[in-house]
């Protein structure tokens with residue numbers, strides 16, 4: 001089996017919540033939920049939350065590749 005690495009270049013190293021959410025195509029609420037679930041790390045500069053581009057890319061890459069079934 002061959003493993004393929006995907007390189008993603010984001011135009012920032014770290015971003016505030018709104019910019020981070022826009023960069024990955026999700027809402028800030030979705031980022032908050034991912035942090036609460038332990039799936040995404042939030043860093044802080046003083047009291048301001050920021051997200052690292054590498055953390056965002058890894059989180060998106062870890063999302064399921066199949067649609068979830070309706071309950």
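The values are calculated or read from the model by the stated rules, or taken from the named source; none is laboratory data. Nothing here was measured: the structure is a model prediction, and the numbers come from that model. FYI the Cβ positions are ideal-geometry reconstructions off the backbone, even for glycines, and counts take in every protein chain you see.
Mind listing whichever residues of region 43-54 are under 9 Å from the mean Cα position of the chain (by Cα) and either surrounded by 17 or more Cβ atoms within 10 Å (Cβ to Cβ) or modelled with pLDDT of 95 or more (or both)?
Answer for region 43-54, where residues must be under 9 Å from the mean Cα position of the chain (by Cα) and either surrounded by 17 or more Cβ atoms within 10 Å (Cβ to Cβ) or modelled with pLDDT of 95 or more (or both): 51, 52, 53.
On the basis of being crowded, with 17+ Cβ neighbours inside 10 Å and in contact with a strand residue (DSSP E or B) (Cβ under 6 Å, 6 or more places away or on another chain), does residue 40 make the cut?
It is false that residue 40 is crowded, with 17+ Cβ neighbours inside 10 Å and in contact with a strand residue (DSSP E or B) (Cβ under 6 Å, 6 or more places away or on another chain).
I'm trying to understand the selection: among the residues of region 27-37, which are in a loop (DSSP other than H, G, I, E, B) and surrounded by 10 or more Cβ atoms within 10 Å (Cβ to Cβ)?
The one that is in a loop (DSSP other than H, G, I, E, B) and surrounded by 10 or more Cβ atoms within 10 Å (Cβ to Cβ): 27.
Hey, can you tell me all the residues within region 11-26 that are surrounded by 13 or more Cβ atoms within 10 Å (Cβ to Cβ) and in a loop (DSSP other than H, G, I, E, B)?
12, 26
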